[in-house]
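Since the structure comes first, as C-alpha cells, the remarks are kept for the end.
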C-alpha cells in the first residue's frame, strides 16, 4: 500500500514486469514487447469491452442514472460457466491507451451522470486502474470508485488497491474445493477469497448505505453469490461461512441470473436455475439471519433451459451489451431488519 499523496511517484506499469497481481502468481513479464501473457490471457496493453452506464447492479450501486461500468477483457479466474465469457475467455474488446481510456470515462461521467465508476474484473489491469483513478482525482472527479472483483484476489494487490477503491463488490463463489478446482482451476478459492474478503472489510467496512439507509453507496463492501444449478450444497456452505465469519450485518447479494454459457458444461450447469433451487438457498439465507439481502427474484417465464436469455446476460458484440431491465426485473433490496424488529 502506498501512503496518501505518494502514489503519483509509483511506476504502476512496473507491476507488469514480473506479474504477481493475482493469486496465480504467474511471474511473467507481460509487457507486449516480450509477447507473454499470463493466465488472464492479457499483456500490459489494456483491453476494454464496454464503457457505459449499467442498470443491472444492486440498487445502491445502480441508482437512477446507472453505474459507470468499465468492463475489462481477460480474467485471472476464467470460470467455465462465466456469464461474461465473450470477454473473459475470448478477449473481445478494444485496446486503449491511457489517455483514451480516461477520455472515454470522463465523457461517460459528463454525458450520463453515473453515480460511480465501476471497474469490472480489473485485477490483471490494476496498474492501469490505479493510474486512471489517480488521474481522475487530480481532475476533481470525486465519484466513488467500485472494484467489482471475483473474490480470488492477491493480498498484496488488495493492499495496493486500498487508496484507489471506495467500494468492493467481491464474489464469493465456492466453499467446495473440488467444485472450484473443476470450474475455475482454483482449488484454493475459498481460503483465498475469505482472506481477501477480510482485508476488504478491514479497509472499507460494510456498504455504508445499508447502515444509513441512504439510497446510493459511497463506501464499503457488498458480497455477491451466484447460485449454480445442481450445486446447492456449495451455496449453503458459502452462506454459512459468510455468516459465521462476518455476522448478520454483512450485506449480501444473492444472484439467480445463471445462464448456460460456453461449451462442455458438466451436468446441471447446462440449464438455468430452478425456482425451487433458488427458494431453498434463499430460505437458508433468511434462516441464518442476514439482515440486508439484495435478491434477484425468480422469473417464472425463464424456467425452461435456454428459453430466452437473462436480461443480466450481456452481449458485448453490441454497442449496448445489456438490456436495460424494467423495475420488475431489477434486483430488489430485502431489509430483513424490518421483519425481525
### Task
Post the alpha-carbon centroid distance, region 54-103 to region 143-212, in whole angstrom.
17
### Query
Taking the simple approach of a point 7 Å from Cα along Cα-to-Cβ for both residue 287 and residue 94, what is their distance in nm?
5.1
### Query
Any number yet on Rg/Rh for region 192-262, C-alpha, Kirkwood?
1.01
### Message
Looking at the chain as a GNM with Cα springs under 10 Å, which of 281, 244, 114 has the largest mean-square fluctuation?
### Response
244
### Query
Using Cα atoms only, what is the angle between the long axis of helix 275-288 and the major principal axis of the chain, expressed in degrees (0 to 90) to the nearest 10?
80
### Summary
Rounded to the nearest 10 degrees, the helix 232-246 long axis (Cα) sits at an angle to the longest Cα principal axis of the chain of 70
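Express the relative contact order of the chain as a whole percentage, based on alpha carbon pairs under 8 Å and six or more residues apart in sequence. Walk me through the numbers before you get to the answer.
Working: 684 pairs, mean separation 54.0, N = 341.
This gives 16 percent for the chain.
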### Task
Mind running the shape call on region 26-120? Use the C-alpha gyration tensor, a ≥ b ≥ c as the square roots of the eigenvalues: rounded below 1.5 for a/c, prolate if a/b tops b/c, oblate otherwise.
oblate
## Note on the structure
Checked region 222-262 with the C-alpha gyration tensor, a ≥ b ≥ c its square-rooted eigenvalues, rounded below a/c of 1.5, otherwise prolate if a/b is larger than b/c and oblate if not; verdict oblate
### Message
So if each residue of separation counts as 0.36 nm, and I subtract the Cα-Cα distance between residue 14 and residue 202, what length gain in nm does that give?
### Response
65.0 nm
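Sorting 253, 264, 134, 73 on the 10 Å Cβ count, fewest up front, what's the list? Please report the intermediate quantities before stating the final value.
On the way: 253 22, 264 7, 134 15, 73 27.
Starting with the residue having the fewest Cβ neighbours, the order is 264, 134, 253, 73.
Working from the pairwise distances between different alpha carbons, so that the mean of 1/r is found and then inverted, what is the chain's Kirkwood radius in Å?
Working: mean 1/r = 0.0493 Å⁻¹.
20.3 Å is the Kirkwood radius here.
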#### Entry: Using alpha-carbon coordinates, inclination of helix 126-138 to the longest axis of the chain, degrees
80
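How high is the FRET efficiency between residue 65 and residue 212 when r is their beta carbon distance and R₀ equals 22 Å, given to the nearest 0.05?
Numbers: r = 20 Å, r/R0 = 0.91.
Between residue 65 and residue 212 the formula returns 0.65.
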### Message
Two decimals, Cα atoms only, Kirkwood Rh: what is Rg/Rh over region 74-219?
### Response
0.98
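Given Cα pairs under 8 Å that are at least 6 residues apart, what percent is the relative contact order of region 149-302? Please report the intermediate quantities before stating the final value.
Working: 243 pairs, mean separation 33.2, N = 154.
Result for region 149-302 is 22 percent.
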### Query
Mean residue ellipticity at 222 nm from the helices of the chain, using -39,500 (n - 2.57) per DSSP H segment of n ≥ 4 over the full residue count, to the nearest 500 deg cm²/dmol?
-9000 deg cm²/dmol
### Task
Note down the relative contact order for region 77-231 as a percent, whole number, built from C-alpha pairs under 8 angstrom at least six residues apart.
21
### Message
Which of 173, 36 has the fewest other C-beta atoms within 10 Å, and how do the rest follow up to the most?
### Response
36, 173
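Each value in this text was obtained by applying a stated rule to the coordinates, not by laboratory testing. These figures come from a predicted structure and were not determined experimentally. Positions of Cβ are backbone-derived with ideal geometry, glycine not excepted, and every protein chain shown enters the neighbour counts.
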